[in-house]
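Enquirer: The structure under discussion is supplied below as structure tokens; questions concerning it will follow.
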Amino acid sequence: HSYEPNSRDLIDLKQSELFIFISINHSPWLISESQVSDLLGHGQYISFETLLDLEPHHHDDDHEATEHDDEHDHGFDFISNPFYVLTIIDNLTHYLAEIFPEHSDLFETNGHDYYDALYDLVFDVSTNRKANAPQVIYFVGHNALAGFSDAFNLDIYALDENVSPNSVASSVEVANFITKLKEENITLIFVEEVYNITTVAYIASQVPGLHVLELHTFHKISIEDYNQGIGYLDLIQRNINNLEMIG
């Protein structure tokens, strides 16, 4: 969310044939749809938000910056919900095949394979979870998993209820979170993918025997995951595996 392009990035954008991004909300440096067009020159662009045919929630060009801009609205959370991502994959497959007809067979084959793999991974898990009461989990991170919660029937008690990934939990919020863990006899908590080590270590020191697992929010990626080529499908699988550790 805090990314700013350097001069090399801007040159690459100008020379690109196609630019794909999540939404203006997720990439506020883009500012607006008209700004994207200016950045690209003659290249085309498409957002996941558009591929979902969602009504954009981003700010208009004429809106002046406010003190709240750093905590921008994510709009509708669709990235953490694999069922919305399935729609994106399907629509993006057809879009790419139309834009680059010489590679249409490759796009359609890879797109269909990825769609099937994601669908096979999440459908039965989601169905089974929705047949039972919501699973309550305790999460050290910002509250950015509404879509994932809907898909897998979760009731997330987050340390930081702010949706902004740059917000920092206060000492009062940390103390209340620890109190809640003790009251509910919680022995397993989840953390976002790039978490505050100091905060988690302090919580663990106050709750003996506490175990910590990751629940990815699909906002950031660790250097290790990046170097290993970990993608969305892998992260969904990891989240499902970690949720099953609750029992």
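The values are calculated or read from the model by the stated rules, or taken from the named source; none is laboratory data. Quick caveat: nothing in here was measured; it's all calculated off a predicted structure. Cβ sites come from the backbone with ideal geometry, for glycine too, and all protein chains shown count toward neighbours. Just the protein is used for accessible areas: all its heavy atoms, side chains included, with ligands, DNA and RNA removed. Shrake-Rupley method; radii C 1.70, N 1.55, O 1.52, S 1.80 Å.
Enquirer: Is the stretch 238-246 home to any residue that is exposed (fewer than 15 other Cβ atoms within 10 Å of the Cβ) and modelled with pLDDT of 95 or more?
Expert: So the first thing to find is which residues in the stretch 238-246 are exposed (fewer than 15 other Cβ atoms within 10 Å of the Cβ), and the list is 241, 244-246.
Cutting the leftovers down to modelled with pLDDT of 95 or more gives us 241.
Taking every residue of the stretch 238-246 in turn, at least one turns out to be exposed (fewer than 15 other Cβ atoms within 10 Å of the Cβ) and modelled with pLDDT of 95 or more.
Enquirer: Consider residue 45 against the criteria (1) at pLDDT below 90; (2) in contact with a strand residue (DSSP E or B) (Cβ under 6 Å, 6 or more places away or on another chain); (3) more than 20 Å from residue 216 (Cα to Cα): it satisfies all of them except one. Which criterion is unmet?
Expert: Among (1) at pLDDT below 90; (2) in contact with a strand residue (DSSP E or B) (Cβ under 6 Å, 6 or more places away or on another chain); (3) more than 20 Å from residue 216 (Cα to Cα), residue 45 violates only (1).
Enquirer: Can you name the number of the only condition in (1) within 19 Å of residue 245 (Cα to Cα); (2) touching a residue at least 12 places away in the same chain (Cβ under 8 Å) that residue 143 fails?
Expert: Of the numbered conditions (1) within 19 Å of residue 245 (Cα to Cα); (2) touching a residue at least 12 places away in the same chain (Cβ under 8 Å), the odd one out for residue 143 is (1).
Enquirer: Right, another one. Does at least one position in the stretch 51-67 carry a residue that is at pLDDT below 80 and of a type in the set (S, T, N, Q)?
Expert: Looking for residues that are at pLDDT below 80 and of a type in the set (S, T, N, Q), one finds at least one in the stretch 51-67, hence yes.
Enquirer: Here's a follow-up. Just to check your reading of the model, which residue among 223, 236, 203, 178 is aliphatic (A, V, I, L, M) and under 26 Å from residue 126 (Cβ atoms)?
Expert: When all the criteria are applied, what remains is 236.
Enquirer: What are the residues in the stretch 171-207 that are outside any loop (DSSP other than H, G, I, E, B), open to solvent by 80 Å² or more (accessible area, probe 1.4 Å) and under 23 Å from residue 219 (Cα atoms), if any?
Expert: Scanning the stretch 171-207 gives 197, 198.
Enquirer: Now for a different question. Give the stretch 208-225 a look and list any residue that's surrounded by 10 or more Cβ atoms within 10 Å (Cβ to Cβ) and out of contact with any His (no Cβ under 8 Å at 6 or more places or on another chain), or say none. Steps first, please.
Expert: First, the residues of the stretch 208-225 that are surrounded by 10 or more Cβ atoms within 10 Å (Cβ to Cβ): 210-222, 225.
Answer for the stretch 208-225, where residues must be surrounded by 10 or more Cβ atoms within 10 Å (Cβ to Cβ) and out of contact with any His (no Cβ under 8 Å at 6 or more places or on another chain): 210, 211, 212, 213, 214, 215, 216, 218, 220, 221, 222, 225.
Enquirer: Within the stretch 96-109, can one find any residue that is touching an Asp or Glu at 6+ places or on another chain (Cβ under 6 Å) and part of a helix (DSSP H, G or I)?
Expert: For the stretch 96-109, residues touching an Asp or Glu at 6+ places or on another chain (Cβ under 6 Å) and part of a helix (DSSP H, G or I): present.
Enquirer: Among the residues that make up the stretch 9-17, is at least one of them under 22 Å from residue 94 (Cβ atoms) and open to solvent by 40 Å² or more (accessible area, probe 1.4 Å)?
Expert: Among the residues of the stretch 9-17, at least one is under 22 Å from residue 94 (Cβ atoms) and open to solvent by 40 Å² or more (accessible area, probe 1.4 Å), which makes the answer yes.
Enquirer: Here's another thing I want to ask about it. Looking only at helices (runs of 4 or more DSSP H) that fall completely inside the stretch 6-55, which ones have 1 or more residues that are free of Cβ contacts under 8 Å to residues at least 40 places away in the same chain and over 29 Å from residue 82 (Cα atoms)?
Expert: The helices (runs of 4 or more DSSP H) meeting that bar are 7-15, 33-40.
Enquirer: Being of a type outside the set (A, V, I, L, M, F, W, C) and more than 16 Å from the chain's Cα centre (by Cα) narrows it down to one residue among 112, 142; which is it? First the steps, then the outcome.
Expert: On the way: 142 fails: more than 16 Å from the chain's Cα centre (by Cα).
112 is the lone residue from the list that is of a type outside the set (A, V, I, L, M, F, W, C) and more than 16 Å from the chain's Cα centre (by Cα).
Enquirer: Which residue out of 210, 181, 188, 233 is at negative phi and within 18 Å of the chain's Cα centre (by Cα)?
Expert: Every option except 233 fails the conditions.
Enquirer: Ok, one more. In this structure, does residue 158 turn out to be open to solvent by less than 60 Å² (accessible area, probe 1.4 Å), small (Gly, Ala, Ser) and part of a helix (DSSP H, G or I)? So that I can check it myself, show each step before the final result.
Expert: Working: open to solvent by less than 60 Å² (accessible area, probe 1.4 Å): yes; small (Gly, Ala, Ser): yes; part of a helix (DSSP H, G or I): no.
Against the criterion (open to solvent by less than 60 Å² (accessible area, probe 1.4 Å), small (Gly, Ala, Ser) and part of a helix (DSSP H, G or I)), residue 158 does not qualify.
Enquirer: Quick one: count up the residues across the stretch 79-95 that are assigned to a helix (DSSP H, G or I) and over 16 Å from residue 231 (Cβ atoms). Spell out the reasoning first.
Expert: Pass one, the stretch 79-95, residues assigned to a helix (DSSP H, G or I): 82-95.
After this cut, where a residue has to be over 16 Å from residue 231 (Cβ atoms) as well, the list is 83-84, 87, 90-91, 94-95.
Going through the stretch 79-95 one residue at a time, the tally reaches 7.
Enquirer: Let me ask something else about it. Do we have residue 137 as free of Cβ contacts under 8 Å to residues at least 40 places away in the same chain, assigned to a strand (DSSP E or B) and buried (at least 16 other Cβ atoms within 10 Å of the Cβ) here?
Expert: Here the answer is no, as residue 137 does not meet what is asked.
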